[in-house]
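The values are calculated or read from the model by the stated rules, or taken from the named source; none is laboratory data. Being a predicted model, the structure only gives us computed values, none of them experimental. Neighbour counts are summed over all protein chains in view; Cβ atoms, including those assigned to glycine, are modelled from backbone coordinates with ideal geometry.
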């Protein structure tokens, strides 16, 4: 909680002088602090600037959901990419009575429209849900296919996750309760270190992101969420209504972009940055060129 309050206090400072655009034809796009989000901000920036007369202020790597949502409410940000499950569980504090992607999307879209005067645009084609991943060799050795299979092995295993998962409603405590899991230990850590740690055997299982390119590259296996704990996390652009009224062409561009951002493509883009060391802006540009979205 202290971290969230601190972030909310410093966001005006972060945005001073480089926040919401000063002109009628300028918008500010925010992003969260991980690779996928940084790539997406660059994709949106380059697409909008190439196809419209709008200038974009890039605020990638700005903060967590609380920071970005407050920035939108304060009109310091015009748009950012959010995930349906995150909005439903964290912002709406919804009860997970369904994992139907369309139902969750419709709920958050309706709530944001009524309560915040924000619009959810066409969702992208990838579901960056939380998932449990272990080394494929371990899965084969222990005959583990689904999360329920971990119950008898968890007392001898160390679980790793990002720090956020330790505190979320759709996080560790309720996850362990549903699956009746008691781990030897669980460790919160930076997600970059987490993937390397499980690859090298310092961790036995991790709470991963489904579109992370390190999963296939590190030969990790995603276990089936057989009890349906994790909600869908489809990415979508959230935009303030006044911004969309000024620039309705943004919605048309997102309609064009959305089908190109599949699970496979997002994982590929992430791996090019996280593993191959390419720059996010370059990866974004080449993706848009290959998709034929730049004119």
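Before moving on, here are some points about what is shown:
- Count of segment 216-239 residues, restricted to those that are crowded, with 22+ Cβ neighbours inside 10 Å, at pLDDT 95 or above and over 21 Å from residue 43 (Cβ atoms), is 1.
- Of the residues making up segment 104-137, those that are assigned to a loop (DSSP other than H, G, I, E, B) and within 25 Å of residue 212 (Cα to Cα) are 121, 122, 123, 124, 126, 128, 129.
- Of everything in segment 69-103 that is out of contact with any helix residue (DSSP H, G or I) (no Cβ under 9 Å at 6 or more places or on another chain) and not in a loop (DSSP other than H, G, I, E, B), the residue that is nearest to residue 33 (Cα to Cα) is 72.
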